[in-house]
Amino acid sequence: MADLERHAIAVLVDNEPGVLARVIGLFSGRGYNIESLTVAEVDRANRLSRITIVTSGTRMIIEQIKAQLSRLVMGKGETRIESLRLADIFRARVVDSTTESFVFEMTGSSEKLNAFITLMEPLGLVEVSRTGAVAISRGAASF
């Protein structure tokens, strides 16, 4: 059996009625346990709150929780939904999310990365950071 990991997940959300219920519903509807839950207003002017949840699960379960939370709490309409849809198609991983932005991580050929960047630009792409080619040997033999 895979090792259970304990994680604290912080999500920045619009401070509106029903948002906390949707987040909790995501956990209860999928049988995920919430060990600790804290909610605090962090930006009164922009009506933003931070929900901090401590939960446990396998690495795969934790990634599922984060992905589902990212889909659930996005706040700026169709461009955010389209960004997540494109990320899913290109197998880009959401590594950070706020109500105003995403940070995606992605690997692949230059052509794949360029296509993703081209499609994200009209949706509000702000910055790209790329590395060069990287190689890792496989198996027992190393060269």
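The values are calculated or read from the model by the stated rules, or taken from the named source; none is laboratory data. Keep in mind that this is a model prediction, so the values were computed, not measured. Counting neighbours? That spans all protein chains shown, and the Cβs are built from the backbone with ideal geometry, glycine included. Surface areas here come from the heavy atoms of the whole protein model, side chains and all, with no ligands, DNA or RNA. Shrake-Rupley method; radii C 1.70, N 1.55, O 1.52, S 1.80 Å.
The simple spin-label model puts a point 7 Å past each Cα toward its Cβ; for V54 and V42 those points are separated by 1.8 nm.
Taking Cα atoms, how many degrees apart are the long axis of helix 110-120 and the longest axis of the chain, rounded to 10 and kept between 0 and 90? Helix 110-120 sits at roughly 30 degrees to that axis. In order along the range 82-98, the Karplus-derived 3J(HN,Hα) couplings, from 6.51 cos²θ - 1.76 cosθ + 1.60 at θ = phi - 60°, round to 5, 4, 5, 5, 5, 4, 5, 4, 8, 6, 7, 9, 6, 9, 7, 8, 10 Hz, and Gly and Pro are given as x. Exposure check, 1.4 Å probe, all protein chains in place: T118 carries approximately 80 Å² of accessible surface. Taking the Cα centre of the chain as origin and assigning +1 to Lys and Arg Cβ atoms and -1 to Asp and Glu Cβ atoms, the resulting dipole is close to 280 debye. For the range 28-143, the residue among I53, A133, N114 whose Cα projects farthest onto the positive side of the dipole built from Cβ charges is I53. Estimated from the Cβ-Cβ distance and a Förster radius of 25 angstrom, the FRET efficiency linking E35 and E105 is about 0.40. Size descriptors for the chain, from the alpha-carbon set: Rg then Dmax equal 17.7, 58 Å.
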